[in-house]
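Everything on this sheet refers to the single structure shown next.
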Ligand code: B12
Ligand code: SF4
């Protein structure tokens with residue numbers, strides 16, 4: 001077809017990117033902190049001749065009566081039931097639907113039962129081609145993205161974020177991580193470690209068209225592990241010093257041995273670092289494939305960040321093979337004593353594409369009949385070694401209640417007063433306040449109803465697929481009922 005006609009077709013072609021979401025708490029979120037970067041990044045990758053919109057289901061309703069020509073769904077495994085419901089609804093109305101993201105990458109065939117096309121892997125190398133095919137009415141059922149160098153990526157379309165997110169400037173500077181934690185898909189989704197040109201990252205950081213001062217001030221890096229390449233991080237942070245921003249990211253504990261880097265982090269405005277501490281048990285750390293984490297060094301490593309006034313956020317996972325009910329509950333006190341300022345508490349989840357999934361599947365410990373909603377990080381989808389699934393869930397909830405009790409939340413905030421720099425203290429206050437308020441309101445993580453007699457379920461045959469949609473949702477929260485969509489948000 002003549003190029004001019006094709007261009008005309010594309011001008012009238014609209015893609016609506018929907019970042020799918022299912023609430024994970026009984027009463028949703030009291031405030032919406034930080035947006036995902038995926039939707040606004042895909043929008044930025046969309047060539048200018050197409051119209052593009054981004055809907056974050058976390059904060060806004062989807063519109064099935066949309067006039068968009070193509071719906072693009074992005075979702076995590078735990079949100080797959082909602083994604084498939086949306087896809088079915090859109091397709092009933094004659095819309096073409098494409099899906100991508102970490103779940104689709106490992107479950108493409110399953111997704112194709114609900115959507116017209118899937119993108120396996122990263123979008124950059126195939127997105128333009130996919131849009132061109134869709135506009136020309138020849139969408140293929142599968143596109144496989146390759147992990148390409150990260151130079152030339154555009155600034156995320158922050159202008160397409162609706163006003164609800166407290167800290168809207170999310171940036172990605174690197175992809176990948178050299179570690180191989182048992183529960184993590186990063187090494188298989190983004191093998192190797194890639195960095196963006198620092199000038200392009202700085203360009204994103206300089207995007208300042210946000211209404212509030214703190215939104216212009218804070219930069220949240222959504223990287224897997226930002227500090228892996230020391231030459232790169234030094235170059236980036238040195239360029240950030242004059243910008244006088246406050247920034248946060250994920251990193252691994254080994255940075256605390258690097259005093260020069262920590263000093264530069266402080267000078268460039270670091271206010272918070274998220275570490276995956278995961279556990280206090282040596283056997284559990286072995287099960288997590290985290291030999292780099294040494295319990296005896298946690299306190300000293302955290303102190304090094306505190307000496308620079310940086311807030312330490314830390315992730316803990318319950319359900320490793322070394323864990324017991326007692327050890328999970330004991331984490332509330334241990335994480336406080338270790339010096340953690342803000343804890344994030346998850347349940348071990350065997351995502352496809354991870355060593356944990358392969359091991360639990362081989363051992364016949366993945367619980368059949370538990371739909372993908374059980375994979376939201378707050379429910380149990382496998383049989384733990386030293387307790388029943390219900391005991392693990394109960395121990396996690398007891399830990400959650402104690403760690404976010406008024407006592408521990410206040411202790412963490414008061415303790416941080418003297419030792420964190422101003423921005424880091426504000427972050428510590430805001431995040432502890434966020435979780436403590438949930439705790440005080442009884443706004444706990446949703447527990448999905450497990451199929452009857454699950455403790456005695458027969459061991460599944462190797463290769464049994466988890467995640468067939470059970471349609472079982474807890475009756476505890478109206479947000480958890482699919483029919484109650486689309487106005488809820490976490
Ligand atoms: C930043 C991040 C977060 C942030 C932001 C979450 C968010 N909603 O975006 C925070 C810290 C809040 C978070 C929380 C959680 N996260 Co997280 N997170 C990440 C991380 C490190 C980076 C994701 C990212 O933004 N990458 C940059 C963007 C540009 O890339 P992307 O999203 O992968 O998208 C690319 C491709 O996937 C593809 N793509 C994606 N969607 C679509 C859609 C279409 C149509 C197309 C064509 C392509 C496409 O193209 C994009 C460009 O290449 C990833 C690790 C990783 N590398 O994926 C984990 C990861 C996504 N998180 C994960 C998990 C499990 C969680 C939690 C459930 C953890 C927990 N226990 O609570 C929660 C869920 C919270 C929630 N409410 O959503 C898992 C998901 C596994 C899975 N199979 O679903 C990952 C993969 C890490 C892991 N453990 O393996 N997370
Ligand atoms: S350190 Fe973090 S990003 Fe790297 S493999 Fe482990 S969990 Fe994944």
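The values are calculated or read from the model by the stated rules, or taken from the named source; none is laboratory data. Quick caveat: nothing in here was measured; it's all calculated off a predicted structure. Note: ideal-geometry Cβ built from the backbone for every residue, glycine included; neighbour counts use all protein chains shown.
If you filter the range 42-70 down to residues that are under 30 Å from residue 443 (Cβ atoms) and buried (at least 18 other Cβ atoms within 10 Å of the Cβ), you find that the one that is farthest from ligand 2 (Cβ to nearest atom) is 62.
Within the range 283-290, not a single residue is more than 23 Å from residue 329 (Cα to Cα), modelled with pLDDT of 95 or more and in a helix (DSSP H, G or I). Residue count for the range 347-373 satisfying the condition of being in contact with a strand residue (DSSP E or B) (Cβ under 8 Å, 6 or more places away or on another chain) and either farther than 21 Å from residue 329 by Cβ or more than 14 Å from ligand 1 (Cβ to nearest atom) (or both): 9. Among the residues of the range 134-183, those identified as within 12 Å of ligand 1 (Cβ to nearest atom) and surrounded by fewer than 16 Cβ atoms within 10 Å (Cβ to Cβ) are 142, 144, 146, 148, 154, 180.
Within the range 20-34, the set of residues being in a loop (DSSP other than H, G, I, E, B) and in contact with a helix residue (DSSP H, G or I) (Cβ under 9 Å, 6 or more places away or on another chain) comprises 20, 21, 22, 23, 24, 26, 27, 28, 29, 30, 31, 33. Within 16 Å of ligand 2 (Cβ to nearest atom), assigned by TED's automatic domain parsing to the domain that holds residue 422, without any contact (Cβ under 8 Å) to a residue 60 or more places away in the chain and out of contact with any helix residue (DSSP H, G or I) (no Cβ under 6 Å at 6 or more places or on another chain) - does that describe any residue in the range 149-172? Within the range 149-172 (the criterion being within 16 Å of ligand 2 (Cβ to nearest atom), assigned by TED's automatic domain parsing to the domain that holds residue 422, without any contact (Cβ under 8 Å) to a residue 60 or more places away in the chain and out of contact with any helix residue (DSSP H, G or I) (no Cβ under 6 Å at 6 or more places or on another chain)), the answer is no, since none of the residues qualifies. Given the criteria touching a residue at least 60 places away in the same chain (Cβ under 8 Å) and under 28 Å from residue 82 (Cβ atoms), does residue 391 qualify? So residue 391 does not fit the description; no.
Is it fair to say residue 314 is part of a strand (DSSP E or B) and within 15 Å of ligand 2 (Cβ to nearest atom)? Here the answer is yes, as residue 314 does meet what is asked.
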